[in-house]
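Chemist: Have a look at the structure that comes next, please.
The values are calculated or read from the model by the stated rules, or taken from the named source; none is laboratory data. Note that the structure is a prediction, hence the values are computed from the model and not measured. Here the Cβ positions follow ideal geometry from the backbone for every residue, glycine too, while neighbour counts run over all protein chains shown.
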Amino acid sequence: MPQLDRLLSAMVSHRAAALRLREGELAEFEIDGVPRPVTKAPLTGPQVLSLLTEIAPPDAAALLASGQPADFAYLSDDGAFTVHTTRVDGLWRARVTIDEGRERQRLTGQYRAIKRPVEAVEPAAPATPAAEAPAPIEALAPVAAAAEDDGDTIRPFEGIERARAALDALLRSMVSKYASDLHLRCAQPPILRLHGEMYRLPGEAPLDAAALDAMVRSVMPERNRRQYAASHDTDYAYELPGVGRFRANALRERLGPAAVFRHIPASVVTVEQMGISPEVQRLCQLTKGLVLVTGPTGSGKSTTLCALIDLVNRSRTDHVITIEDPIEFVHAAKKCVITQRQVGVHTDSFKTALRAALREDPDIILVGELRDLETVSIAIETAETGHLVFGTLHTSTAASTVDRIIDQFPADRQAQIRVMLASSLRAVISQTLCKKLGGGRVAAREVLLTTPAVSNLIREGKTFQIPTVMQTSRRIGMATLNDALLDLVDGALIDPAEGYARSLEKAPYVAALKARGLDTPFAE
């Protein structure tokens, strides 16, 4: 029986959350968040390595033997476990936790334990699971491999530097092709999102689990490695000098590790480049109030907020605090003092940072995402007390944004929130991205500006009448989504059919196209 099985058996019997093995320290159980020593003497490096390689599958054992960290799954008579290893300053560290998914399979008889003798550090081949059993992650092999190494093909590799170099090459290729996202998946070649469509990179071999995991971890901060090991997904940012910043999400799915990298341009985008209307630009001169930028994921909310903050930075002499997860665009101080904080790195949560911001002498606060009721409540109160607050929500229209905010609160507080929102809300910019004629994408922005009439509708609970006010207030800069789409059609920026696909009120949109003398076969 492998030596580690004894510790794992004790871990299960003590209901510990994890077993920690650290070179130069005592082995410990994590029980209710408190470390409990389980050995009398500190572990040496060879001892930690021996315990791990004794239970590791061949590919992970080979990585460990060569001095490289490896993650793998292990199945014993006491349960199913996930092993996460790292080397910090040359010292081995490992954390073993119960693999809930495999444990359920084990208890229902869908998974068969692979027994390994103590002396078999590198067994010739793992046992073959039953035909109906899902293959463990460590058993995955590349779907295809190129005949020769031409420097561009991604294969299993050794060394963190080579892993980072391979990822950097893919990110450079992504940026050179003007793609917005890079998707990495097991058993598939790298995939780019270009102008909203997914394309597999030609000439690239499918990625295997070991190569992909090494690439993702090669640029992952230590805090995120721990989070990834515990919850199997994490968000972080990575900066490639001379290329740009990337917002990354690493996760585990059915076939193994996976990741998505979104490109954030190295240079800050301006309101002029974004084509933001003068009425929206004037919001940056407000001294207090709440301005919301909304839309589905990937609709360019962060880019629009970046342009607005850049305008503030160029035209005002104030203190701007941004609270993001992760930090995307980096703002260099121009006329303003800029403080950028990342959730999980510089602060525990959005609500904690927003509450603390009030004691940090801010003029303008940007909240990357209004995720929960308490954060929304603090943001509204902050906007009421003399600060300009920018925030984002995942809503599709301006009117639904108001309803979404109010509906988050208990019924006995909604009347009070209506009054507070009516006095503090200054604007809602709701946007969606459309495919641009000739390539690229362009944003269609619905704009709601809070006039006395709009404030009264919010206060009286008549938000369903807000679209009517927007339709009759174009002269002061308001615009419905259909208005924005038709402006893009008139400007020959998008095809009428693309506008039809993005419109939420299709009948009025089609009627407006016909009034312009345009054919609408796509609506029939």
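Chemist: Can you name the strands (runs of 3 or more DSSP E) wholly within the range 174-216 that have at least 3 residues being within 19 Å of the chain's Cα centre (by Cα)?
Modeler: Passing ranges, in order: 181-185, 191-194.
Chemist: Where in the range 451-523 are the helices (runs of 4 or more DSSP H), entirely inside, with at least 2 residues that are in contact (Cβ under 8 Å) with a residue 12 or more places away in the chain and outside the structural domain of Gln414 (by TED's automatic domain parsing)?
Modeler: The helices (runs of 4 or more DSSP H) meeting that bar are 481-490, 496-502, 506-515.
Chemist: Then there is this: So which residues in the range 362-403 are in contact with a strand residue (DSSP E or B) (Cβ under 9 Å, 6 or more places away or on another chain), among the charged types (D, E, K, R) and under 18 Å from Arg418 (Cβ atoms)?
Modeler: Glu384 - this is the single residue of the range 362-403 that is in contact with a strand residue (DSSP E or B) (Cβ under 9 Å, 6 or more places away or on another chain), among the charged types (D, E, K, R) and under 18 Å from Arg418 (Cβ atoms).
Chemist: (1) modelled with pLDDT under 85; (2) in a loop (DSSP other than H, G, I, E, B): which one isn't true of Val12, the others all being true?
Modeler: Condition not satisfied by Val12: (2).
Chemist: Regarding the range 67-80, can at least one residue be identified that is charged (D, E, K, R), closer than 21 Å to Arg15 by Cα and modelled with pLDDT under 90?
Modeler: Yes - at least one qualifying residue is present in the range 67-80.
Chemist: Being part of a helix (DSSP H, G or I), among the aliphatic types (A, V, I, L, M) and free of Cβ contacts under 8 Å to residues at least 24 places away in the same chain is true for just one of Ala356, Ala379, Ala399. Which residue is that?
Modeler: From the options Ala356, Ala379, Ala399, the qualifying one is Ala356.
Chemist: Given the criteria modelled with pLDDT of 95 or more, under 18 Å from Leu370 (Cα atoms) and within 16 Å of the chain's Cα centre (by Cα), does Ile309 qualify?
Modeler: So Ile309 does not fit the description; no.
Chemist: Does Glu460 meet the test of being farther than 30 Å from His195 by Cα and acidic (Asp, Glu)?
Modeler: The answer is yes for Glu460.
Chemist: Another question, then. Give the range 62-87 a look and list any residue that's under 26 Å from the mean Cα position of the chain (by Cα) and hydrophobic (A, V, I, L, M, F, W, C), or say none.
Modeler: Ala70, Phe72, Ala73, Val83
Chemist: Return the residue satisfying two criteria in turn: it lies in the range 325-381 and is surrounded by fewer than 19 Cβ atoms within 10 Å (Cβ to Cβ) and acidic (Asp, Glu), and of such residues it is farthest from Leu290 (Cα to Cα).
Modeler: Asp348
Chemist: Against the conditions (1) part of a loop (DSSP other than H, G, I, E, B); (2) in contact (Cβ under 8 Å) with a residue 12 or more places away in the chain, where does Asp235 fall short? Just the number, please.
Modeler: (1)
Chemist: Sticking with this structure for a sec: Of the residues Gln408, Gln431, only one is polar (S, T, N, Q) and either in contact with a helix residue (DSSP H, G or I) (Cβ under 6 Å, 6 or more places away or on another chain) or surrounded by fewer than 20 Cβ atoms within 10 Å (Cβ to Cβ) (or both); which?
Modeler: Residue meeting the stated conditions: Gln408.
Chemist: Follow-up question, since we're still on this one. If you check Ser50 against the conditions, is it at pLDDT 85 or above and of a type in the set (Ser, Thr, Tyr)?
Modeler: The answer is yes for Ser50.
Chemist: Among Pro2, Pro58, Pro42, Pro46, which is more than 23 Å from Ala230 (Cβ to Cβ), over 33 Å from the mean Cα position of the chain (by Cα) and touching a residue at least 60 places away in the same chain (Cβ under 8 Å)?
Modeler: Among Pro2, Pro58, Pro42, Pro46, only Pro2 is more than 23 Å from Ala230 (Cβ to Cβ), over 33 Å from the mean Cα position of the chain (by Cα) and touching a residue at least 60 places away in the same chain (Cβ under 8 Å).
Chemist: Would you point out the residue of the range 88-107, among those that are surrounded by 15 or more Cβ atoms within 10 Å (Cβ to Cβ) and modelled with pLDDT of 70 or more, that is farthest from Pro35 (Cα to Cα)?
Modeler: Step by step, filter the range 88-107, then rank; the result is Asp99.
Chemist: Assigned to a strand (DSSP E or B) and touching a Pro at 6+ places or on another chain (Cβ under 7 Å): is that true of Arg247 in this structure?
Modeler: Answer is yes for this residue.
Chemist: Continuing with this model, one more query. Going by the structure shown, is Val280 crowded, with 16+ Cβ neighbours inside 10 Å, in contact (Cβ under 8 Å) with a residue 60 or more places away in the chain and either polar (S, T, N, Q) or outside any strand (DSSP E or B) (or both)?
Modeler: Considered against the rule, which asks whether it is crowded, with 16+ Cβ neighbours inside 10 Å, in contact (Cβ under 8 Å) with a residue 60 or more places away in the chain and either polar (S, T, N, Q) or outside any strand (DSSP E or B) (or both), Val280 comes out as yes.
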